Amino acid sequence: MDDGTKSLLNVFLSVLAPVLVLDHCSTNGPAFWELGTTWAMVVALSMPLGCGIATWLDKRSVDPLTLFGLLATILTGVITIYANTGEGTAIRPDTPWWYAAKEALIALLLAGAMMVTARRPNSMLRLFVYSDALFDIPRIEQACTEKGVNRQYEQTLWKASLYTALSLLCSAMANFGLSLYFLLPVLQQPAEEQTLAYNYAVSSMTWWGYLVIGVPLMATLIYVIRYLVARLGSLTGLGKEELMLR
């Protein structure tokens, strides 16, 4: 299986499949796919967790983004267990706030890691934007050395890291608000329906998260790429075709 196919499979198993499971398998019924709320959540969470384990077994290493994804999956499982250990069949009333805090925490940790590693050779910026899959980094760094602009080069990467971190901070706030928007109404449902409503809310948050949060974040990353191309071109004298790999 080539890398492109593996990436598509990881996206399906980590994002799309869990949403489909929560949407269509959370009810109790005679059909084999009607797993009930508990097993539907277990199956949905096991998919991204399994992808992370499979990646580690294949490469004997896991990149930071995968680790953050695994952390998010584990925390979702912990909060789900907590939510369903209250009195009776209702979820615990503080569940929406814990879930919202978890959603914000992941983006905040990414933003923090972005700034902490900003001046390191293996910075988070190289995972998000300034990767050797997009930019001809050795050529850029050689040109910066020849022109004596290494300090300006480092400042450019630091600013790009800052812009990306700020977008992640905005994402953290949006994640927090989106979680409360979907989860607080769950508490208004009858007690016996809250667990099912919780699964549906988690599914809805995933879909809407990519629209409300993912699209602006992607726009920011495109802006950062354009900033890097313009600034690095000015520093090195290289054209866009020379800066970026085809």
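Computed from the coordinates by the stated procedures, all read-outs in this text should not be read as laboratory data. Being a predicted model, the structure only gives us computed values, none of them experimental. Every residue, glycine as well, gets a Cβ built from its backbone with ideal geometry; the counts of neighbours run over all protein chains shown.
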Calculated FRET efficiency for the pair Q142/V215, C-beta based, R₀ 51 Å, to 0.05: 0.90
Cβ-derived FRET efficiency at R0 25 Å, W207 paired with T89, nearest 0.05: 0.45
Approximate spin-label separation L166-S234, in nm, with each point projected 7 Å along Cα-to-Cβ: 1.6 nm
Extension gain, L105 back to D132 (0.36 nm per residue minus Cα-Cα distance, nm): 6.9 nm
Net +/- balance of residues flanking T85 in space, Cβ distance below 15 Å, scoring K and R +1, D and E -1: -1
Contour excess over end-to-end distance, with Cα ends at I74 and W158 and 0.36 nm allotted per residue: 27.1 nm
Neighbour-count ranking [beta-carbon atoms within 10 angstrom, fewest first] of E87, E146, E242, E103: E87, E146, E242, E103
